[in-house]
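Single-structure report; data block below.
All of the numbers you see were taken from the coordinates with simple rules; none came from a lab. Note that the coordinates shown come from a computational prediction; the quantities given were computed from them, not determined experimentally. Cβ coordinates were reconstructed from backbone atoms using ideal geometry, including for glycine residues, and neighbour counts include every protein chain displayed.
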Amino acid sequence: MAHHTLKSGYSRLAERLNRYPQGAPPSQLLFKILSLLFSEKEAELVALLPIKPVTAAQASRVWKISETESRKVLEELAGRAILVDMELNGRQVYVLPPPMAGFFEFSLMRTRGDIDQKLLSELFYQYMNVEEDFIRELFTKGETQLGQTFIHEPVLSSADALHVLDYERASEVIKTASHIGIGTCYCRHKMHHLDRACAAPMEICMSLNSAASSLIKHGHARQVEVAEGLDLLQQAYEHNLVQFGENVREDVNFICNCCGCCCEAMIAARRFTILNPVHTTNFIPQIKQSDCNGCGKCVTICPVEALGLTSANDPQQLTRKHASLIEERCLGCGLCVRNCPQQVISMKARPERVLTPLNGVHRAVVMAVERDKLQNLIFDNQALLSHRALAAVLGAILRLPPVKRVMASKQMKSRYLEKLVQRVGL
């Protein structure tokens with residue numbers, strides 16, 4: 001009977017996690033991961049939490065326990081970086097982040113003795129790199145993805161720099177963040193336990209704003225000032241790491257500094273290229289092939305294998321090769337420009353700008369629409385959804401392009417929502 005209760009508790013938690021727009025497909029590997037991170041009772045309680053942030057009083061009503069006990073549970077979970085706690089409209093609230101970017105990463109953002117991090121790393125690797133269902137859900141469903149690539153700022157010419165918006169610059173995101181936290185790179189820490197980590201810096205990945213505030217408070221990230229944040233960004237540039245951050249224009253919560261060998265986003269970008277798992281920058285390399293000597297340094301440095309060497313078709317030098325770009329694979333990060341000794345690669349603007357959601361609510365709604373999960377955001381049966389929260393979601397829907405608003409309306413089959421869509425005349 002105890003075994004049945006344990007399994008059903010983790011099953012319900014897995015189902016709760018899978019209500020997020022990016023999804024977390026249930027599997028035995030996921031249940032094992034959750035059993036390391038949550039006790040049986042915690043899994044049962046967290047499975048009842050809504051997607052939106054809740055106060056201790058709201059959680060106590062859902063859990064049917066006292067507010068004092070509810071707050072104690074919430075604080076314990078926040079202290080282990082399972083929940084993120086923050087102040088919202090003058091109230092202390094708690095929210096369960098998605099597994100990624102969320103409590104999966106947080107579990108390895110520092111060395112800790114309360115969980116078996118080696119076993120956890122092995123389970124993460126199996127769940128994401130062998131079983132693959134989770135990574136497919138995270139990176140390949142819909143057009144709107146969790147993360148975006150930031151341009152490698154040192155390679156931009158003065159003219160190009162004029163066309164880069166503030167939210168497209170990692171440096172500007174760091175300068176304007178309310179909090180900056182530095183933690184251990186989840187991906188390289190995981191690979192370290194599998195004896196596969198590269199030599200790139202570990203203590204370099206950044207949490208920002210409200211996420212950083214919570215992680216710093218509970219000792220999972222080290223608070224730094226803007227100057228040190230920019231120094232670490234420069235260190236990332238020097239180690240040819242790609243800046244991969246939250247796909248929003250406002251209140252970015254993370255910037256990872258990714259290597260091509262360990263980092264899940266780069267691995268997914270290679271594995272699922274045609275499904276566009278990572279949003280690109282608004283730039284793409286152009287190669288002056290007539291001056292390329294085929295040294296191959298750009299090919300080696302590219303984290304997503306978007307460059308290769310092909311025959312130069314030179315009748316005077318039959319073996320001569322030059323670099324060629326596979327555009328559909330390219331993230332537009334600019335590392336190839338930095339590493340070209342002949343300086344024959346430069347960045348040019350893409351013909352069509354990549355669209356970035358305004359904030360987390362906007363992105364969640366768009367992702368939910370594309371993944372047929374919008375009902376989970378609005379009619380979460382545990383949500384205690386306030387009029388203000390509902391208004392925020394519906395407001396985000398009304399900012400969607402016309403085709404996606406129609407998709408939202410069809411999913412919800414709501415006359416009220418249809419009338420709202422019709423009222424804006426599109």
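Name every residue in the stretch 105-124 that is over 24 Å from residue 356 (Cβ atoms) and crowded, with 17+ Cβ neighbours inside 10 Å, in order of residue number.
106, 107, 108, 109, 110, 117, 120, 121, 123, 124
Sort out for me the helices (runs of 4 or more DSSP H) sitting completely within the stretch 132-178 that have 3 or more residues that are charged (D, E, K, R) and under 14 Å from the mean Cα position of the chain (by Cα).
none
For residue 234, only one of the following conditions fails: (1) polar (S, T, N, Q); (2) more than 30 Å from residue 159 (Cα to Cα); (3) surrounded by fewer than 17 Cβ atoms within 10 Å (Cβ to Cβ). What is its number?
Single failed check for residue 234: (2).
So which pairs qualify, if the first residue must be in the stretch 98-122 and without any contact (Cβ under 8 Å) to a residue 40 or more places away in the chain, the second must be assigned to a helix (DSSP H, G or I), the Cβ gap must be under 9 Å, and the two must be at least 6 apart or on different chains?
What qualifies is 102/211.
Among the residues of the stretch 311-326, is there at least one that is basic (Lys, Arg), over 13 Å from residue 286 (Cα atoms) and in contact (Cβ under 8 Å) with a residue 40 or more places away in the chain?
No, the stretch 311-326 contains no residue that is basic (Lys, Arg), over 13 Å from residue 286 (Cα atoms) and in contact (Cβ under 8 Å) with a residue 40 or more places away in the chain.
Applying the selection to the stretch 30-85, what residues are crowded, with 18+ Cβ neighbours inside 10 Å and among the β-branched types (Val, Ile, Thr)?
33, 46, 51, 54, 55, 73, 82, 84
Looking at (1) within 17 Å of the chain's Cα centre (by Cα); (2) of a type outside the set (D, E, K, R); (3) farther than 16 Å from residue 149 by Cβ, can you tell me which one residue 269 breaks?
Only one criterion in (1) within 17 Å of the chain's Cα centre (by Cα); (2) of a type outside the set (D, E, K, R); (3) farther than 16 Å from residue 149 by Cβ is unmet by residue 269, namely (3).
Looking at (1) touching a His at 6+ places or on another chain (Cβ under 7 Å); (2) surrounded by fewer than 17 Cβ atoms within 10 Å (Cβ to Cβ), find the lone condition where residue 288 falls short.
Looking at each condition in turn, residue 288 falls short on (1).
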